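Please treat every number below as a calculation from the coordinates, not as lab data. Bear in mind that the values here come from a model prediction, so they are computed numbers and not experimental data. Cβ: placed from backbone, ideal geometry, glycine included. Neighbour counts: every protein chain shown.
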Ligand code: IPD
């Protein structure tokens, strides 16, 4: 079944959930939060990641009880409506837990055709990035577009895996890439980085090993801002590398990334 709800209503609901979760996580005394690790000693999850996911789930499912919801911290509710939500309750947990800026709440609504709406909220800058499929992207309500830079001048964001084996491969890619571009950034939230491509702060972003809740909202926002997107298919049959790039540098960047 394909769900055809009003995208504006979905967007409003996603924004409400993201803003309430943002208020919750900002209010927490981060130095006294209980923490555990997941895939590696640096892959942290705090009680606030779980509390944020629970709050988002309550807000979304009380409005749309038949929808599915998949969250980074373990929520997996099947959809009865044809529509599902992909939720990262804190993308950039390592930044958050160190009191560094640059983390986000990322929420996407998807049906069998793809992502319909995406919201990424950065509570530290009070920035809300939004997009509706085929209706453009916005930052705090104002339309945004990606850059038109050349590869030699491009500032490109990336991220690194929690697995040290994967990191060794990621480091090798940088050896070829760095001499060909302006510079590199590792912001720490894939969702925010994708939105920074959308508004031209970064000229591209790429990372291997991302999960759908990391990239679903951000890739729609970048796409709707005019960026080229590779590797963001929900079934991940294509390949493990997600790339969002300004069209002016896509060909050159993809030649290097392979
Ligand atoms: C992580 C961030 C980071 C990226 C990692 C992600 P999390 O998400 O997006 O920038 O490099 O691959 O897992 O774990 O903080 O939700």
| note | residue 169 and residue 185 label points (each 7 Å along its Cα→Cβ direction) are spaced in nm at 2.6
| For the chain, modelled as a GNM with alpha-carbon contacts under 10 angstrom, which of 179, 78, 65 fluctuates the most? | 179
| task | Convert 20 °C to kelvin, take the viscosity as 1.002 mPa s, use the Kirkwood radius over C-alpha pairs of the chain as Rh, and evaluate the Stokes-Einstein diffusion coefficient in µm²/s, rounded to a whole number. | result | 118
| Which value, in Å³ per residue, describes the convex hull spanned by the Cα atoms of the stretch 25-76? | 75
| field | Spin-label pair residue 254/residue 148, simplified geometry with 7 Å Cα→Cβ offset, distance in nm | value | 2.1
| From the C-alpha gyration tensor of the stretch 7-143, square roots of 5λ in Å | 25, 18, 12
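Sorted by packing (mean other beta-carbon atoms within 10 Å per residue), highest first, where do 22-35, 81-94 land? Working shown, then result.
Values: 22-35: 13.1, 81-94: 24.4.
Ranking the peptides 22-35, 81-94 by packing returns 81-94, 22-35.
Order 206-215, 7-16, 40-49 from most to least packed using the mean count of other Cβ atoms within 10 Å. Intermediate values should be presented prior to the final figure.
Details: 206-215: 22.3, 7-16: 18.4, 40-49: 16.5.
Highest-to-lowest ranking by the protection proxy: 206-215, 7-16, 40-49.
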| remark: In Å, the Kirkwood hydrodynamic radius from C-alpha pairs for the stretch 1-59 sits at 13.4
| task | Quick one: plug the Kirkwood hydrodynamic radius of the stretch 139-202 (C-alpha pairs) into Stokes-Einstein at 10 °C, 1.306 mPa s, and report D in µm²/s. | result | 123
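Set the Förster radius R0 to 25 Å, insert the Cβ-Cβ distance between residue 27 and residue 81 as r into 1/(1 + (r/R0)^6), and round the FRET efficiency to 0.05. Present the calculation step by step, with values, prior to reporting the outcome.
Details: r = 32 Å, r/R0 = 1.29.
FRET efficiency, residue 27 to residue 81: 0.20.
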| note | One would report the Cα pair-distance distribution of the stretch 170-258, bin width 5 Å, in %, as 3, 15, 28, 27, 21, 6, 1
| remark: Descending packing, highest mean Cβ count within 10 Å first, for 51-57, 162-168 is 51-57, 162-168
